[in-house]
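Chemist: One structure, pasted below without further comment.
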Amino acid sequence: MGARVARMFRNFNLENRVHREISKEKPLAAPRHAVILPPSAGSSEVVETADSVNQKNDPLLKRLESVYVESKDPAAAEALKEVTVGKEAERRPLRFSLPGDPYGLVELTDVPKGKLTIAEALKALSSHQRMPQTWTPEKIAQDYSLDLKDTKALLEFFIPFQVQIIPPKTANAKQIKAS
C-alpha cells in the first residue's frame with residue numbers, strides 16, 4: 001500500500017517537471033586560467049620558438065642517423081665463447097634411439113654433451129621411475145654426460161606416464177578398477 005502511494009507522488013506531474021528541467025539554461029563551463037606572458041616576450045618570438053621546435057633540423061637528423069650504440073658485457077662474451085668452443089668439440093654417441101625414422105627427423109649418430117634426444121630422455125625417465133635404486137640421478141648424469149643439478153631437476157619435474165586415481169569421497173561411488 002505504501003509503495004503505491006509513493007509511486008503516485010513520484011509520477012505526479014512528471015511531464016511538466018521534465019519540460020521545466022529541459023528548458024533551463026545550461027550551465028557554462030568554468031573560464032580558462034588566464035596566461036600572462038612576460039613583457040619582454042613578444043608574440044613574434046613565441047611564434048618563432050614554436051616553429052623552430054616543430055621544424056626538422058637536417059644536420060642534427062643526419063648526426064642522429066649516424067649514431068649506433070652497441071652494448072657489450074665483456075664477462076658474458078668470454079663466457080659465451082668458452083661455452084660454444086668447449087661444447088662443440090665434446091660430443092657423445094647415442095645411447096638409445098627409436099627404430100625407423102621417428103618424427104620425420106634425420107637419424108642422429110651423436111649428441112653434444114649435456115644434451116638429450118627425446119628418445120633418450122623418455123628412456124632415462126622411465127627407467128628411473130621403474131627402478132629408482134638402480135637408476136639414481138648420479139648414474140643417469142654419468143651415463144648421459146649431464147650436469148647433476150639438471151638431472152635432478154629433470155627427474156623431479158618431468159614424470160612420464162604417471163596415472164593417479166583419486167579415491168571417491170563417498171564409499172558407494174563408482175570407481176575405475178585397476179586390472
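The values are calculated or read from the model by the stated rules, or taken from the named source; none is laboratory data. Note that this is a predicted model, so its numbers are computed, not measured. Heads up, the Cβs are rebuilt from the backbone with ideal geometry, glycines too, and the neighbour counts pull from every protein chain shown.
Chemist: Anything in the range 117-161 that is farther than 16 Å from Leu94 by Cβ, in contact (Cβ under 8 Å) with a residue 12 or more places away in the chain and outside any helix (DSSP H, G or I)? List them, or say none.
Modeler: Scanning the range 117-161 gives Asp147, Phe158, Ile159, Pro160, Phe161.
Chemist: Is it true that some residue in the range 82-105 is of a type in the set (Ser, Thr, Tyr), modelled with pLDDT of 85 or more and surrounded by 10 or more Cβ atoms within 10 Å (Cβ to Cβ)?
Modeler: no
Chemist: Is it the case that the range 109-116 has a residue that's in a loop (DSSP other than H, G, I, E, B), modelled with pLDDT under 85 and loosely packed, with under 11 Cβ neighbours inside 10 Å?
Modeler: yes
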